[in-house]
Amino acid sequence: MSDIVRTFPKDLIDLDQFSPEQLTHILDTAENFKEVSEREIKKVPTLRGKLVVIFFHENSTRTRLSFEVAAKRLSADTVALSASGSSLSKGESLLDTARNIEAMHPDALVIRHGASGTPGFLGRRLSFPVLNAGDGAHAHPTQALLDMLTLREVKGRLDGLRIAIIGDIAHSRVARSNMIGLSKMGARVAVAGPPSMMAVELAETYGVEVYNRPEPAIEGADGVMMLRIQLERQTGALFPGNREYALVYGLSRERLKLAKEDAVILHPGPVNQGVELSPELYEDRRSVILPQVTNGVAVRMALLYLLIERPGQAEAA
Ligand code: CP
């Protein structure tokens, strides 16, 4: 326990900061917090008196809401700021904005930003924990952790699982964080997507299998994670159209037959039904897309608790 907590980083930037034991500790903590959301009074006093600033510079439904729900379930106060309603629109720099936030003595900053590296940049300059809620195409560590929690819950383990990640790998921060996290936990990852949306070097860095067709990646998989095409991060037309994409890369009942019979379907959302995933599979009993959202609250509760309270670190010092 002591090594796990003593070396816990100040900020959450991506999963390469954590050892497999630390990732397990985060997942175990999240599993314990899940029960709070099932109570009649869905609140514990763990972070009473703490202030969490939630700053989203890009749109979000799941991550933003679940960070806010997570903080509130731990009794922390939350304040939200978005780019359009802030003085960024008057030309104030992001660092000046962050320093003004710091002057109000918050206990954590949750940030989503379109530019890769922004949470790390701020984390190195601010005295309190910064949690990355998604930065450009770089990382989405809380999404990968909730995916891992969901897989571990359904399959009982991560070690030895085969997980296929299909779609716009090049522009996906979800794919990148999952490649790191799942590989660290002993899962075998196979990625597939159109050549124009593939990041072969990235995949090879993390020792994952790379395919341009979905079938060999899905073959024998325990989990199939479908990705949205990240049009907002693409600079040109990288595929002919949604219909063609769905035909070649979309998950259909037929394609899913290649996976193990008890394979689960994951998707970080938002889902474009009929493009990367057929509407019938969205509703299928094997879909864990909504349980992923439920687990997102528990994972974010765990991270806020571990990074703000740093339990066990005083004894370990
Ligand atoms: N999975 C995810 O990041 O969804 P949002 O963009 O809605 O937060």
> Residues in the stretch 160-209 that are under 23 Å from Gly250 (Cβ atoms) and among the aromatic types (Phe, Trp, Tyr): how many?
Replying inline: 0
> Just one of the numbered conditions (1) more than 16 Å from the ligand (Cβ to nearest atom); (2) of a type in the set (D, E, K, R); (3) under 28 Å from Leu65 (Cβ atoms); (4) assigned to a helix (DSSP H, G or I) is not true of Arg176; which one?
Replying inline: (1)
> If you scan the stretch 131-146, which residues turn out to be within 10 Å of the ligand (Cβ to nearest atom) and over 21 Å from Ala199 (Cα atoms)?
Replying inline: Ala133, Thr142, Leu146
> Quick one: which of Pro279, Pro270, Pro311 is more than 16 Å from the ligand (Cβ to nearest atom), surrounded by fewer than 23 Cβ atoms within 10 Å (Cβ to Cβ) and either within 25 Å of Leu247 (Cα to Cα) or without any contact (Cβ under 8 Å) to a residue 60 or more places away in the chain (or both)?
Replying inline: Pro279
> Since Ile165 meets every condition but one in (1) β-branched (Val, Ile, Thr); (2) within 13 Å of the ligand (Cβ to nearest atom); (3) assigned by TED's automatic domain parsing to the domain that holds Met226, which condition does it not meet?
Replying inline: (2)
>> Out of the helices (runs of 4 or more DSSP H) lying entirely within the stretch 1-118, which hold 3 or more residues that are under 24 Å from Arg173 (Cα atoms) and within 16 Å of the ligand (Cβ to nearest atom)?
In response: 62-73
>> For the stretch 155-170, which positions are surrounded by fewer than 24 Cβ atoms within 10 Å (Cβ to Cβ) and modelled with pLDDT under 95?
In response: Ala170
>> Pairs please, first residue from the stretch 1-19 and aliphatic (A, V, I, L, M), second anywhere and modelled with pLDDT under 90, Cβ atoms under 7 Å, 6+ apart in sequence or on different chains.
In response: Met1/Gly312; Val5/Gly312; Val5/Gln313; Val5/Ala316
> Taking the stretch 126-168 only, how many residues are free of Cβ contacts under 8 Å to residues at least 60 places away in the same chain and of a type in the set (Gly, Ala, Ser)?
Replying inline: 3
> Among Ile308, Ile289, Ile229, which is at pLDDT below 95, of a type outside the set (D, E, K, R) and at negative phi?
Replying inline: Ile229
> Inside the stretch 179-201, can you point out the residues that are out of contact with any strand residue (DSSP E or B) (no Cβ under 8 Å at 6 or more places or on another chain), surrounded by fewer than 24 Cβ atoms within 10 Å (Cβ to Cβ) and not in a loop (DSSP other than H, G, I, E, B)?
Replying inline: Ile180, Lys184, Pro195, Ser196, Met197, Glu201
>> Being among the hydrophobic types (A, V, I, L, M, F, W, C) and free of Cβ contacts under 8 Å to residues at least 24 places away in the same chain: is that true of Ile41 here?
In response: yes
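The values are calculated or read from the model by the stated rules, or taken from the named source; none is laboratory data. Quick caveat: nothing in here was measured; it's all calculated off a predicted structure. Positions of Cβ are generated from backbone atoms using ideal geometry, with glycine treated the same way; all protein chains shown enter the neighbour counts.
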